[in-house]
1. Suppose we filter the stretch 29-68 for residues that are in contact with a helix residue (DSSP H, G or I) (Cβ under 6 Å, 6 or more places away or on another chain), hydrophobic (A, V, I, L, M, F, W, C) and closer than 14 Å to PRO105 by Cβ; how many remain?
2. Taking VAL306 as the residue in question, decide whether it is outside any strand (DSSP E or B), in contact with a helix residue (DSSP H, G or I) (Cβ under 6 Å, 6 or more places away or on another chain) and β-branched (Val, Ile, Thr).
3. When residues of the stretch 25-75 are filtered for being in a helix (DSSP H, G or I), surrounded by 24 or more Cβ atoms within 10 Å (Cβ to Cβ), within 16 Å of the chain's Cα centre (by Cα) and of a type outside the set (Gly, Ala, Ser), how many remain?
4. Can you pull out the residues in the stretch 105-140 that are charged (D, E, K, R) and touching a helix residue (DSSP H, G or I) at 6+ places or on another chain (Cβ under 8 Å)?
5. Considering only the stretch 103-136, state which residues are among the small types (Gly, Ala, Ser) and either crowded, with 19+ Cβ neighbours inside 10 Å or at pLDDT below 95 (or both).
6. Give the stretch 158-180 a look and list any residue that's among the charged types (D, E, K, R) and within 17 Å of ASN237 (Cβ to Cβ), or say none.
7. Looking at LEU182, LEU142, LEU162 in this structure, which one is in a helix (DSSP H, G or I) and touching a Pro at 6+ places or on another chain (Cβ under 9 Å)?
8. Give the residues of the stretch 116-135 that are closer than 18 Å to ALA165 by Cα and without any contact (Cβ under 8 Å) to a residue 40 or more places away in the chain, sorted by residue number.
Amino acid sequence: MPARCASGRGPRRLSDNGPVSEPRTVTLLGSTGSIGTQAIDVVRANPGRFRVTVLTAGGGNLALLARQAVELGVEAVGVANADPADVERAIGAAAQEAGHTAYRPEILTGPDANATLAARPVDVVLNGITGSIGLAPTLAALTAGNTLALANKESLIVGGPLVKAIAQPDQIVPVDSEHSALAQCLRGGRASEVRQLVVTASGGPFRGRTREELNDVTPAQALAHPTWDMGRVVTTNSATLVNKGLEVIEAHLLFDIPFDRITVVVHPQSVIHSMVEFVDGSTLAQASPPDMRLPIALGMAWPDRVPCATAPCDWTKAATWEFFPLDDEAFPAVALARRVGSAGGTMPAVYNAANEVCVDAFHDGRIRFTEIVDTIARVVDDHEHGPAAQVCRAGAGIDAPTLDVHSVLRADQWARARARAVLGLDEGTS
């Protein structure tokens, strides 16, 4: 039977020379979301290994944020969208309930709170924010020299060359389960020995359906993911496979592997999280039950492993793992992402921004499921060949040296406006 982990205090952080008495300090961005709450699970299980010093959140669940801050005793709390007095009241109420009435953390609010706190010296910044708003904190953490455990794939995708120009070797540790798996498998050989990366996809809730059968699926059906528990945007992206397209771009940027050597295969069981094929015909696969606490723990402790981060596979039980080719006709998002990633420049930012608008429109009942990727493709076309060239950079290569934050932000804003205009949601930019 698989080994079981004892409850209670976890092991101390390890180094090459043995146990280390000081815990690794962590800034947790997006603490009330799916990644954030699971990261706190890991911290609770390993109180001698990690110490969270900063928490941030968007502001949609101040009560939960306050309880987290009080429980962990963090030094500072940041909220992007909230009145400082409301945050203070929520923390005061949580402190009173927990019997820690003297607890008074520093409070920062406003759109710059995440980036300001990400720049504070710490062992590791875990960026669990969803969406392109994670770019500024990513850049801030890297500029400050902090190790970045990156769950916010959008910041790397939209700001690719900007992020790569700042990041030092091994400063970014991937937290996405697929990229964590690739990083682990790449330990098994030299970069020159890699033939291809194989990124697995669950296929989402609509695996096996034709494009026609996808026309009338509902938001509730799109959120019924068969194996993963994620937030609304990521779960919807998994259903459209936009998420897998973003992950292909992310894999290219993280590991410097050309797009024609990154393959996507559908693996419904979500036990093999990705694979690396080497030039001698050997393939290394990372397997574990679908539980984000493993890559989160590894991201915070890298390069060390955290014992009992999650339960292992039970190898005493019969199991079947399936693999299928990706249906590009029903799910064209991955092929579109390859084109976007290969073009580079601000194209990935446009892809991501248009998608965020379309996901909201789908859940508001304004568009059909298949219109999400259709609209992204139209916005991408307009950006590459239309008047958008006068507004922001289209293409120019993934490593375009002149790409800057302002270009990325202009492209993001243009794409959102253009997507709304295409969908007839409001007056947009033509």
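1. Result for the stretch 29-68: 6.
2. Working: outside any strand (DSSP E or B): yes; in contact with a helix residue (DSSP H, G or I) (Cβ under 6 Å, 6 or more places away or on another chain): yes; β-branched (Val, Ile, Thr): yes.
Here the answer is yes, as VAL306 does meet what is asked.
3. Matching residues across the stretch 25-75 total 1.
4. Kept after step one, since they are charged (D, E, K, R), are these residues of the stretch 105-140: 106, 112, 120, 123.
Scanning the stretch 105-140 gives a single hit, ASP112.
5. Here is the first cut: in the stretch 103-136, the ones among the small types (Gly, Ala, Ser) are 110, 113, 115, 118-119, 128, 131-132, 134, 136.
Within the stretch 103-136, ALA113, ALA115, ALA118, ALA119, GLY128, GLY131, SER132, GLY134, ALA136 meet the criteria.
6. Of the residues in the stretch 158-180, the ones among the charged types (D, E, K, R) are 164, 170, 176, 178.
Those that are among the charged types (D, E, K, R) and within 17 Å of ASN237 (Cβ to Cβ): ASP176, GLU178.
7. Numbers: LEU142 fails: touching a Pro at 6+ places or on another chain (Cβ under 9 Å); LEU162 fails: touching a Pro at 6+ places or on another chain (Cβ under 9 Å).
Of LEU182, LEU142, LEU162, the one residue that is in a helix (DSSP H, G or I) and touching a Pro at 6+ places or on another chain (Cβ under 9 Å) is LEU182.
8. ALA119
The values are calculated or read from the model by the stated rules, or taken from the named source; none is laboratory data. Just so it is clear, the model here is predicted, and its values are computed rather than measured. Backbone-built Cβ (ideal geometry, glycine too); neighbour counts: all protein chains shown.
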